[in-house]
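Encoded as structure tokens, the structure appears first; notes follow it.
What follows is calculated from the coordinates using simple rules that are stated; it is not laboratory data. Computed from a predicted model, the values in this text were never measured in an experiment. Note that each Cβ is placed from the backbone with ideal geometry, even for glycine, and that neighbours are counted across all protein chains shown.
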Amino acid sequence: MGFIIPMGVAVFLAFFIANLLGYGGGPASIPLMYDQIVTRYGWLNNTEFSQMLALGNSLPGPIATKIAAYVGYDVYGWPGFLAALAGTIIPSAVALIYLLKILRKYKQSPIVKGMSLLVQPVIAIMMLLLTWNMAADAVGSIGYIHSIIIAGLALLALGKFKIHPAFVIVLAFAYGGFIIPLS
Amino acid sequence: MKNPYSELTVGMLRTGILGFGGGPSVIPLIRHEAVSRYRWLDDDEFGDTLAIANTLPGPIATKMAAYLGYQLKGWPGALVSVAAHILPSCLAMVFLIGFINVLSNSAMIGNMIAAVMPVVAVMLGQMAYEFGEKAVRGLGKVLGITFFVISFILLQTISLHPGIVIMIFLLYGAFHFKLKERLKSKKVNRKEGSA
């Protein structure tokens, strides 16, 4: 590059671009973040990137923001942390807020009503495919038996007894920590 | 607890700390807090928000968090909501990198995270069922099932991007009621003609 851009701006831009082109949520933009972080700016090397990704996957929360927070902090301290997160979150969040504001304004029109009716079958199928992928991942990592036991108990707890999902997840942690090692 | 800021903070903290598996698998958790527990919006509004959020680029969970916060308390609400959702895990990223080997090689932690996957699958499945039910209620059985099949083919067989599939349906949806009316009036005309 012929000119030097301030570090904070570079960090903001890198994550802004990766997430703008990353269509389909955080996990879809990982390769684009790799491209900015490793290939373009060389902030991390290949090994460091995969180590960071491994840590990210063992922590909860959205993956895109975890990567942004880590890399931003690594290259430019706390200002970098904020710049990377701002680049990741703000553009798409602001766009969503304004877009929904417009749609809510015309809520009563048959056009908007038709739109919100017609997205329901797509969302249902999208969720169904996500369910399938998640179930396949579960079976791949802990096998059929544990997966079916946990899923059955979760269905009872969430569907029949209406227990808060947070509590069900904590119980699943306990199952994974104490019961799976026994088998 | 009636203070919207503390509701936002607690609700979004919970979804941020317990949501394993990336943004899309956090959606049922966010829906539980937003619709069932705190009633920030109703289920139809949540569905619309999710659909529109999918047509835009960027991480899905933070978009949803920002919108929910904005809906309740404007821009400060959006900021509080996003911060509560992402800060715990972002700070953990910064401080735990020294323990990377312990964390990513621990079989126990691996098992704990894997044990959450079936739970997430059940939650996603429940959401799929509820949206499917709503679609059938709104569109009728024949049209509902037709649109399920079309969505499945576009998403799975052709592997079109979900955002694009949603845009196609939004576009058709904009004309759906007009089309239905036109078909209806044609039928009425035909009946009158034959009588």
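Structure data summary
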item	result
A:Phe161/B:Ser159 FRET efficiency (R0 35 Å; Cβ-Cβ; nearest 0.05)	0.40
Listed pairs A:Lys113/A:Lys162; A:Lys105/B:Lys180; A:Lys107/B:Lys134; A:Lys66/B:Lys63; A:Lys113/B:Lys184 exceeding 27 Å between Cα atoms	A:Lys113/A:Lys162
Vicinal HN-Hα couplings computed from phi for the stretch A:57-62 (Karplus, 6.51 cos²θ - 1.76 cosθ + 1.60; Hz; Gly/Pro x)	6, 8, 10, x, x, x
Residue (of A:Ser50, A:Asn19, A:Val9) at the positive-pole extreme of the stretch A:1-110, dipole from beta-carbon charges	A:Asn19
Estimated vicinal HN-Hα couplings, Hz - the stretch A:119-132 in sequence order (Karplus 6.51, -1.76, 1.60; Gly, Pro = x)	7, 4, x, 5, 4, 4, 5, 4, 5, 4, 5, 4, 4, 4
Check: the stretch A:1-105 dipole with +1 on Lys, Arg Cβ and -1 on Asp, Glu Cβ, in debye	520 debye
Stretch gain in nm, segment A:Asn133-A:Asn46, where the contour uses 0.36 nm per residue and the Cα spacing is subtracted	28.6 nm
Helix B:141-152 vs. chain B, principal-axis angle (Cα, 0 to 90°, nearest 10)	50 degrees
Aspartates and glutamates whose Cα lies under 20 Å from that of B:Lys2, excluding same-chain neighbours fewer than 8 positions away	B:Glu33, B:Asp42
Per-residue ³J(HN,Hα) for the stretch B:170-175, Karplus 6.51 cos²θ - 1.76 cosθ + 1.60, θ = phi - 60°, Hz, x for Gly and Pro	4, 4, 5, x, 4, 9
Debye, to nearest 20: dipole size of the protein assembly as shown, +1 on Lys, Arg Cβ, -1 on Asp, Glu Cβ	1680 debye
Expected 222 nm ellipticity per residue - DSSP helices of 4 or more, -39500 (n - 2.57), all of chain A, to 500	-25000 deg cm²/dmol
Angle in degrees between helix B:107-139 and the longest Cα principal axis of chain B, rounded to the nearest 10	20 degrees
Difference of contour (0.36 nm per residue) and Cα-Cα distance, B:Phe95 to B:Lys186	26.0 nm
Residue among B:Pro162, B:His176, B:Val188 farthest towards the positive dipole end of the stretch B:140-195, charges placed on Cβ	B:Val188
Selection from A:Leu158, A:Gly61, A:Gly77, by position along the positive dipole direction of chain A (Cβ)	A:Leu158
For chain B, calculated [θ]222 nm from helices alone, where every DSSP H run of n ≥ 4 adds -39500 (n - 2.57)	-28000 deg cm²/dmol
